[in-house]
Amino acid sequence: MSWSRKYILIFPLMNLILMIDPTQPTTTMATQTDWRYSDERMKLREEVLKILLSKYGHVMDGVVPKYSNESIYECAHDWVSQGNDTSFGVTAFYKAYYTDYGRYRDV
């Protein structure tokens, strides 16, 4: 393989160098084969995010958000990754595990 057929991509801020050979077949990304990222699951993730953001995303504790976006997005990811088929119960799940009573109580 000669260097003339390869592309070198450099990302200095991430300390990352990629060498790509366009003559070789590409591999599929994990998100293309992982069941958690199927169209159906992504639609459920969107629905769960809408529910959680509308219920908790705007709540303020003075001038600071009471619930972090990180906790909302992690909850949506966990909800979908655990195999739930609907959004029913996600607010109770968030309240139990991601609010003052859960792992984000110090945030």
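The values are calculated or read from the model by the stated rules, or taken from the named source; none is laboratory data. Remember, predicted model here, so these are calculated numbers, not experimental data. FYI the Cβ positions are ideal-geometry reconstructions off the backbone, even for glycines, and counts take in every protein chain you see.
Computed quantities for the displayed model
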{"quantity": "Residue count, segment 59-71 (criterion: part of a loop (DSSP other than H, G, I, E, B) and surrounded by 13 or more Cβ atoms within 10 Å (Cβ to Cβ))", "calculated": "3"}
{"quantity": "Answer from M14, M19, M29 - the residue that is farther than 18 Å from H77 by Cβ, out of contact with any strand residue (DSSP E or B) (no Cβ under 7 Å at 6 or more places or on another chain) and at pLDDT below 90", "calculated": "M14"}
{"quantity": "Restricting segment 83-93 to residues that are part of a loop (DSSP other than H, G, I, E, B) and over 17 Å from the mean Cα position of the chain (by Cα), the residue that is farthest from S38 (Cα to Cα)", "calculated": "G89"}
{"quantity": "Selection count, segment 72-97, where residues are touching a Leu at 6+ places or on another chain (Cβ under 9 Å) and surrounded by 11 or more Cβ atoms within 10 Å (Cβ to Cβ)", "calculated": "11"}
{"quantity": "Matching residues in segment 56-82 - criterion: being aliphatic (A, V, I, L, M) and over 20 Å from the mean Cα position of the chain (by Cα)", "calculated": "V59, M60, V63, V64"}
{"quantity": "Residue in segment 55-66 that is farther than 30 Å from T99 by Cβ, of a type in the set (V, I, T) and at pLDDT below 90 present", "calculated": "no"}
